[in-house]
Amino acid sequence: MATPYTFDTHAQGPPELSDILGREKRGSIAMDGILRSEVLVRAISGDSTDFAAGLTLLLPTNQAFQQLDEIPEDVEKVLERHFIPQKVTAEQMKEGVTVGAYEGTVLQFTESDGRVFVQADQRSPVEVMGAGTRAGSGTYFLVDQLFV
């Protein structure tokens, strides 16, 4: 049996996303899903070579999950569509900019009426809320829909 991943409670320096996300009440359901995946836990902890170029997380809110009839069995794979293995700032989220999600989905940013949206493949655009919250291991932005 694999050893469970644990957070370093004696870490020095700026907090990692894992520290901050644990207190983000609007994303607690997503955090439950993230904690099911060692890859995603390592990413938010700053302990993944897959995210050496940075991490941008489009964190689905609890409201995003509540719009579904049930939480997908493959919630970890769904959440991988919300992890971008590079640093993307709010300023870089401009009309027509595309990036790849960790699991391979192409994400395209658009703008309308001063608001920023992200579209995963041919799915409906989802609003990216706020300017992002930064930590040592990356930045997260809230979104109110899942890329399912």
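The values are calculated or read from the model by the stated rules, or taken from the named source; none is laboratory data. It should be emphasised that the depicted structure is a prediction, and the values quoted were computed from it without experimental measurement. Note that we place each Cβ from the backbone using ideal geometry, even for glycine, and neighbour counts take in every protein chain shown. Please note that ligands, DNA and RNA were not included when accessible areas were found on the heavy atoms of the full protein model with its side chains. Shrake-Rupley method; radii C 1.70, N 1.55, O 1.52, S 1.80 Å.
If I ask for residues that are assigned to a loop (DSSP other than H, G, I, E, B), open to solvent by less than 50 Å² (accessible area, probe 1.4 Å) and not small (G, A, S), which ones from region 69-96 would you list? First the steps, then the outcome.
Keep residues of region 69-96 that are assigned to a loop (DSSP other than H, G, I, E, B), which gives 69-74, 81-82, 85-89, 93-96.
The next check asks that each one be open to solvent by less than 50 Å² (accessible area, probe 1.4 Å); those that pass are 72, 81-82, 85, 88-89, 93, 96.
Selection gives P72, R81, H82, P85, V88, T89, M93.
Would you please name the residue that is least open to solvent (accessible area, probe 1.4 Å), looking only at residues in region 113-123 that are out of contact with any strand residue (DSSP E or B) (no Cβ under 9 Å at 6 or more places or on another chain) and over 24 Å from E24 (Cβ atoms)? Top of the filtered list is G114. Looking at this structure, is Q66 farther than 22 Å from G33 by Cβ and open to solvent by 30 Å² or more (accessible area, probe 1.4 Å)? Here the answer is no, as Q66 does not meet what is asked.
Assessment of region 28-41 against the conditions (open to solvent by 30 Å² or more (accessible area, probe 1.4 Å), of a type in the set (K, R) and either over 20 Å from V143 (Cβ atoms) or at pLDDT below 90 (or both)) yields no matching residue.
Filter region 104-137 for residues that are small (G, A, S) and in a strand (DSSP E or B) and give the result.
S112, A120, G130, A131, G132, A135 - these are the residues of region 104-137 that are small (G, A, S) and in a strand (DSSP E or B).
Here are D50, D121: which of them is out of contact with any Asp or Glu (no Cβ under 9 Å at 6 or more places or on another chain), of a type in the set (D, E, K, R) and on the phi > 0 side of the Ramachandran plot?
The unique qualifying residue is D121.
For every residue, the table says whether it meets (1) modelled with pLDDT under 95; (2) closer than 24 Å to R23 by Cα; (3) touching a Cys at 6+ places or on another chain (Cβ under 7 Å).
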position	(1), (2), (3)
I84	no, yes, no
V106	no, no, no
P125	yes, no, no
A131	yes, yes, no
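Within region 138-148, being assigned to a loop (DSSP other than H, G, I, E, B) and among the hydrophobic types (A, V, I, L, M, F, W, C) holds for L146, F147, V148.
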